[in-house]
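Visitor: Got a structure for you, questions after.
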Amino acid sequence: MKDRTAVLAAVCLILGFSVAVRPADAPADLVLTGGRVWTAETAGPWVEAVAIRDGRIVYVGDAAGTARLRGPKTQLIALDGRLVLPGFDDAHIHMMSGALSLDRVDLIEDQTVEAVQARIRAFAAAHPASGWILGRGWLYGSFPGGLPTKAQLDAAVPDRPAYMQCYDGHSGWANSKALALAGITKDTKDPVGGSIVRDPVTGEPTGALKESATALIESKILRPIAETRYGLLLRALSQLNAQGITSVQDAGYSPPELDADLPVLERALREGKLTVRMTLSVQMSPGRVDPSVARATALAKVHHGPLLRFGAVKGFVDGVIEAHTAAMLEPYSDDPSFGTGKPNWEPAALNAAVVAADRAGLQVYLHAIGDRGVRMALDAHEAALRANGRTDRRGRIEHIETISPADYPRFKELGVIASMQPLHANPDQNNAEVWSRNIGPERASRGFSWRSIEKAGGRLVFGSDWPVVTSDVMRGLYCAVTRKTKDGTPPGGWLPEQAVSLENALRHYTIDGAYASFEESEKGSIATGKRADLVVLSEDLFRQPPDAILKTRVLLTVMDGRVVHRAPELPAP
Ligand SMILES: [Zn+2]
């Protein structure tokens, strides 16, 4: 929301005076000392000790300075030279779909039809009582022609309905039983904004579904009951804490999802189990802008605390390059019959939606992947600036997989945040054989241009898009600084000139993320007065080659002054 920083600062000032129960020289709850603490502050990036009291950082400096803060009840952690960083902020995640994915078969590491089928077959055998066999994570590049078929899934699950989401969530794969259950036949019409892929000769559905057609199946899958969802959420939170994540920005709940998911999140908040700070956005789609703006505005009035907050809407400008649904300035290279893709909005309607949401004081996230989608998103943020004046709106664009060079400077000019996910640039088989092939070498050469956006003065934030890819920050960080897969390929990195420095990558995972949610004065760096969110790592990333990132473990995660994850190798105090 506009002017939120000022309001927040005023509120904190008031709270600081009214609820501080202990004087400034009272003993700390937790002291970490003898480490290499990278604060993410430009003035004084390195210190050796941190003290925490009542959930806030009360001291940052040399080890000697902590002496006056140590009392009989102070917990002391000797860091032994280990690296301390601010807690990670995943600026683009899908918390509840990530949580629900924890009891589905995960196909993300399988690169051939046989490997995918073997994993599904084993999962089905291990879950004989499941009515549906559900999974996610398949890659277009694993299937000849780029899309799977029902026969391939029937071969793994012949006896029950089975449905597998693609890793990007934009396509689905059903077996014959699932298609029959959903009543999808050759006579079923394509829904608006989606397509049932059909055999070119017989017209029969092949089993692959694109975009909104996935809902034809997904609406038939019983959603787990609230108690199950709550259990999965707690598992997700502890997984994220173990990866050093203390904040996330949740990229878009549809109104029906909110009805199911918000009570689960509110319960975690109420029971003190929300160990990751969450900023949430509400999806808005063409023709349904006003209800989404109203809902996001109402939710922002209820939830504006440090753990759970609303205040944003998200629109999908286009789809994805792999499925030829991303909006491109020129036709697709592999098969020009796909034309230039299909944006979900008419430009005028998109501009009007962003202007309206912005006028209501909401931040706007726009998913845009193709170069035309990115340009439409920039144009829409510019329309808000022209209509409503220059304010601290911090509009965002999510993904930005390829871009016209003319648009690099516009991020800085318009104050638009580039929200990108390093592992989406993972140079694997899917990237080479599907992504790059679909748009051709010229446009692929501007793939995931983190460094070019930085150089043009734009502000980047990093995230995972979990469960699209793993939420493991170390995997993302490694790709961000090397542009290599976890197996070290290709040897020099893919478009290595777009890799970012370690320090910049860490900023995009910490203080820049806090900026993206209007909270940079409260968190995102290790500074006196800020909320105490930090991590201790097993390796000193600044003193080792990039390969060390992949073996780095998070030893300790502190959120709001609470230890929310502790690895056994960190000696107990
Ligand atoms: Zn996403």
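The values are calculated or read from the model by the stated rules, or taken from the named source; none is laboratory data. Fair warning: this is a prediction, and the values are worked out from it, not measured in the lab. In this analysis, Cβ positions are derived from the backbone assuming ideal geometry, glycine residues included, and neighbour counts consider all displayed protein chains. Protein only, heavy atoms only, side chains kept; ligands, DNA and RNA dropped before computing areas. Shrake-Rupley method; radii C 1.70, N 1.55, O 1.52, S 1.80 Å.
Visitor: Per Stokes-Einstein, at 10 °C and 1.306 mPa s, what whole-number D in µm² s⁻¹ belongs to the stretch 216-278, with the Kirkwood radius over Cα pairs as the hydrodynamic radius?
Guide: Working: Rh = 12.8 Å.
Result for D is 124 µm²/s.
Visitor: Between beta-carbons, use under 13 Å as the cut-off and find the net charge around L423, counting Lys and Arg +1, Asp and Glu -1.
Guide: Overall, the nearby charge balance is -3.
Visitor: What ³J(HN,Hα) values, in whole Hz, does the Karplus curve 6.51 cos²θ - 1.76 cosθ + 1.60 give for the stretch 126-140 when θ = phi - 60°, with x put for Gly and Pro?
Guide: Result, ordered by residue: 7, 10, x, 8, 5, x, 10, 10, 10, x, 7, x, 5, 10, 4 Hz.
Visitor: Over the chain, with every protein chain in place, what whole percent of the accessible area is carbon and sulfur at 1.4 Å, could you tell me?
Guide: Details: 12480 of 21900 Å².
It is 57 percent, rounded to a whole number.
Visitor: Quick check: the distance between the Cα centres of the stretch 325-388 and the stretch 420-491, to the nearest angstrom?
Guide: After rounding, the separation between the Cα centres reads 21 Å.
Visitor: Looking at the stretch 446-518, what % of the alpha carbon pairs are farther apart than 15 Å? If you can, show how the numbers build up before the last one.
Guide: Details: 1468 of 2628 pairs.
Across the stretch 446-518, Cα pairs with separations above 15 Å total 56 percent.
Visitor: Taking amide H atoms as placed 1.01 Å from N in the peptide plane, list the residues 5 or more away in sequence, or in a different chain, whose amide H sits under 5 Å from that of E322.
Guide: The list, which skips near neighbours in sequence, is empty: none.
Visitor: Using the charge dipole of the chain (Lys, Arg: +1 at Cβ; Asp, Glu: -1 at Cβ; taken about the Cα centre), state which of V37, T66, T325 has its Cα farthest towards the positive end.
Guide: Most positive-ward Cα: T66.
Visitor: Going from most exposed to least, what order do H304, H381 have by accessible area with a 1.4 Å probe?
Guide: H304, H381
Visitor: Let me ask something additional. Say R0 is 25 Å: what FRET efficiency, to the nearest 0.05, do R68 and V563 get from their beta-carbon distance?
Guide: Here the calculated transfer efficiency is 0.65.
Visitor: Turning to a different aspect of this structure: Could you tell me the convex hull volume per residue, in Å³, taken over the Cα atoms of the chain?
Guide: Considering the Cα atoms of the chain, their hull volume per residue is 149 Å³.
Visitor: Sum up the charges of everything whose Cβ sits under 12 Å from the Cβ of T228, counting Lys and Arg as +1 and Asp and Glu as -1, but leave T228 out. Write out the running numbers ahead of the final one.
Guide: Details: positive: R223, R229, R235; negative: D103, E227.
For residues surrounding T228, the net value is +1.
Visitor: Here's another thing I want to ask about it. Taking the 0 to 90 degree range and rounding to the nearest ten, how far is the long axis of helix 289-302 tilted relative to the main principal axis of the chain, both from C-alpha atoms?
Guide: Relative to the chain, helix 289-302 is tipped by roughly 30 degrees.
Visitor: Might you tell me the accessible area per residue for the chain, computed with a 1.4 Å probe and given in Å²?
Guide: Value returned for the chain: 38 Å² of accessible area per residue.
Visitor: Still on this structure, I have one more. So what's Rg/Rh here for the stretch 378-510, counting alpha carbon atoms and using the Kirkwood radius for Rh?
Guide: Rg/Rh for the stretch 378-510 comes to 0.98.
Visitor: Once fully extended, how much extra length lies between S538 and K412, figured as 0.36 nm per residue of separation less the alpha-carbon to alpha-carbon distance? Kindly include the intermediate steps, with their values, before the conclusion.
Guide: Details: separation 126, 0.36 × 126 = 45.36 nm, distance 3.61 nm.
Extra length from S538 to K412 when fully extended: 41.8 nm.
Visitor: I want to verify the translational diffusion coefficient of the stretch 66-127 in µm²/s; compute it with Stokes-Einstein, Rh as the Kirkwood radius over Cα pairs, at 20 °C and 1.002 mPa s.
Guide: The calculation lands on 127 µm²/s.
Visitor: While we're here: Just name one of L83, A505, P200: the one whose Cα is farthest towards the positive end of the charge dipole of the chain (beta-carbon charges, Lys/Arg +1, Asp/Glu -1).
Guide: L83
Visitor: Percent of Cα-Cα pairs more than 18 Å apart in the stretch 237-371, please. Don't skip to the answer; put the middle values down first.
Guide: Values: 5430 of 9045 pairs.
Of all Cα-Cα pairs in the stretch 237-371, 60 percent lie more than 18 Å apart.
Visitor: For the stretch 263-278 and the stretch 208-234, compute the distance between their C-alpha centroids and round to whole Å.
Guide: Centre-to-centre (Cα) distance: 21 Å.
Visitor: Past the 29 Å Cα-Cα mark, which pairs from K273/K530; K484/K530; K314/K523; K73/K273?
Guide: The pairs that break the limit, which is 29 Å between Cα atoms, are K484/K530.
Visitor: Something else: Could you work out how far apart the two model spin labels at S254 and E433 are, taking each label as a point 7 Å from the Cα in the direction of the beta carbon, and quote it in nm?
Guide: Label at S254, label at E433, 3.1 nm between them.
Visitor: Go ahead and collect, in residue order, the members of the stretch 329-361 whose backbone nitrogen is under 18 Å from a label point 7 Å along the Cα-Cβ direction of A294.
Guide: The answer is 353-354, 356-361.
Visitor: Give a residue-ordered list of calculated ³J(HN,Hα) values for the stretch 314-324 (Karplus: 6.51 cos²θ - 1.76 cosθ + 1.60, θ = phi - 60°; whole Hz; x for Gly, Pro).
Guide: Once θ is set to phi - 60°, the couplings for the stretch 314-324 become 10, x, 9, 6, 9, x, 9, 5, 4, 9, 6 Hz.
Visitor: Semi-axes of the equivalent ellipsoid for the stretch 151-219, please: Cα gyration tensor eigenvalues, times 5, square-rooted, ordered largest first, whole Å.
Guide: Output for the stretch 151-219: semi-axes of 17, 15, 11 Å.
Visitor: Which one of P405, V434, W466 has its Cα pushed farthest toward the positive end of the charge dipole of the stretch 403-475, where Lys and Arg give +1 and Asp and Glu give -1 at the Cβ?
Guide: It is P405, whose Cα lies furthest towards the positive end.
Visitor: Quick one: 3J(HN,Hα) in Hz for the stretch 190-197, Karplus 6.51/-1.76/1.60 with θ = phi - 60°, rounded, Gly and Pro as x.
Guide: 5, x, 4, x, x, 8, 8, 5
Visitor: When you take every Cα atom in the stretch 87-201, what is the radius of gyration, and what is Dmax, the widest Cα pair distance, in Å?
Guide: Spelled out, the Cα radius of gyration and Dmax of the stretch 87-201 are 14.9, 55 Å.
Visitor: How about the stretch 176-265: which trypsin sites (Lys or Arg not before Pro) there lie in a loop by DSSP and see at most 10 other Cβ atoms within 10 Å?
Guide: Listed in order of number, the matching sites are K189.
Visitor: Moving on to the next point. Going 7 Å from the Cα of A151 in the Cα-to-Cβ direction, what parts of the stretch 180-211 have a backbone nitrogen less than 19 Å from that spot?
Guide: Residues passing the 19 Å test: 180, 185-186, 197-209.
Visitor: Then there's this: Given charges of +1 on the Cβ of Lys and Arg and -1 on the Cβ of Asp and Glu, with all other atoms neutral, how large is the dipole of the chain about its Cα centre, in debye to the nearest 20?
Guide: Here the size comes out at about 1260 debye.
Visitor: Turning to a different aspect of this structure: Could you size up the charge dipole of the stretch 77-118 around its Cα centre, putting +1 on the beta carbon of Lys and Arg and -1 on that of Asp and Glu, and report it in debye to the nearest 20? Don't jump to the answer; show the numbers that get you there.
Guide: Working: 2 positive and 8 negative charges, 35 e Å.
It works out to roughly 160 debye.
Visitor: For the stretch 10-156, count all C-alpha to C-alpha pairs, find those more than 27 Å apart, and express that count as a whole percent of the total.
Guide: Distances greater than 27 Å cover 54 percent of the Cα pairs.
Visitor: Assign one of three labels to the stretch 116-165, namely rounded, prolate or oblate, based on the Cα gyration tensor with a ≥ b ≥ c the square roots of its eigenvalues; rounded applies when a/c is under 1.5, prolate when it is not and a/b is larger than b/c, and oblate otherwise. Spell out each step's value before the answer.
Guide: Values: a/c = 2.14, a/b = 1.89, b/c = 1.13.
Prolate, since a/c reaches 1.5 and a/b exceeds b/c.
Visitor: Compute the orientation-averaged projected area for the stretch 439-573 from the convex hull of its Cα atoms and round it to one decimal in nm².
Guide: Working: hull surface 41.5 nm².
Taking the Cα atoms of the stretch 439-573, their convex hull projects to 10.4 nm² on average.
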